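Here the structure is laid out as structure tokens; the discussion comes afterwards.
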Amino acid sequence: MATWAPAKRDILDALAAEILHNYGKGRAIVAIDGIDGAGTTEFADDLATAFKRAGHAVFRASIADFQRPRADRYSRGQDSAEGYYRDTFNYSVFRRVLIEPFKMGGSTGFVTRAFDAVRDIQVEPKWLTGPADAILIVDGIFLNRPELRGIWNYSAWLEVPQDVAEQRLREGDGSSAIGERERTGMQLYRADAKPTERAMALIDNSDPEHPTRIFADSC
């Protein structure tokens, strides 16, 4: 017998409505967190579409576009899980060119992309402005870490089994992008930040076409 699953659009529209109920006025920043392969980018893109359906201004960014240079990312060694967790992203630049100016509102410009990790170079900044009432959605890994607490008005964690996440990465680029460095680095993150406890919403994204909300009393 077929099992009913909620429509993706219904989940996204409900999540957008919940956020707008509390943060419909002024500027607000939403984090979509999860492990590599959890589907944070697609989910965040689709959530942005839900905000647009609601008639609200929305901007998108990924923490992946705020990485540090390769030499810095691997300064502790190619296999260092500590380096993966501690050294991958440039949070000072992230705050300075995106988070802080976005929160200021008005005509202050902000940048949603600062670094090209593939070419290992900084990118020419593209300064954006937006209306007084706007949402910024940021996706990626490690977003509920201690250094970023206080940034988010709302955060969601996408729950996906490790094997499912790795299979998605293999299907996406032909090889698993998750090695022991990444697995252990994510374990460090979970122990240090407890992201599932910090997130305001838990989403089972095992089936990205039918994400479902997880509530504390059913965990």
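None of the figures in this text is laboratory data; all of them are computed from the coordinates on show. Owing to the predicted nature of the structure, the values given are computational and were not obtained by experimental measurement. Please note: Cβ atoms are built from the backbone with ideal geometry, for glycine as well, and neighbour counts cover all protein chains shown.
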Margin query: Out of all DSSP beta bridges in segment 8-218, what portion is antiparallel? Express it as a percent rounded to 5.
Written below: 25
Check: So what does log10 I(q)/I(0) come out to for segment 33-78 at q = 0.28 Å⁻¹, using the Debye formula with one equal point on every Cα and no solvent?
Finding: -1.01
Item checked: Normalised contact order of segment 31-118, rounded percent, pairs of Cα under 8 Å and 6 or more residues apart -> 27
Checklist line | Lysine-lysine proximity count for the chain, Cα under 22 Å, sequence distance 8 or more or distinct chains | finding: 6
Check: Where does the Debye-calculated log10 I(q)/I(0) of segment 61-176 sit at q = 0.17, 0.20, 0.21 Å⁻¹, using only Cα point scatterers of equal weight, no solvent?
Finding: -1.00, -1.25, -1.32
Notebook entry, point to check: Can you give the longest stretch of the chain with no exposed loop site, where a site means chymotrypsin sites (Phe, Trp or Tyr not before Pro) in a DSSP loop (not H, G, I, E or B) with at most 16 other C-beta atoms within 10 Å?
Noted result: 5-214
Checklist line | Total charge dipole magnitude, segment 8-218, about the Cα centre, Cβ charges on Lys, Arg, Asp, Glu only, Debye to nearest 20 | finding: 860
Margin query: Give me the extension gain from Leu188 to Ala117: residue separation times 0.36 nm, minus the current Cα-Cα distance, reported in nm with one decimal.
Written below: 23.3 nm
Check: When the Kirkwood hydrodynamic radius is evaluated over all pairs of different C-alpha atoms of the chain, what value in angstrom, to one decimal, is obtained?
Finding: 18.1
Next item on the list: Go through Ile203, Ile29, Ala191 and say which Cα lies farthest out towards the positive end of the charge dipole of the chain; charges sit on Cβ, +1 for Lys and Arg, -1 for Asp and Glu.
Entry: Ile29
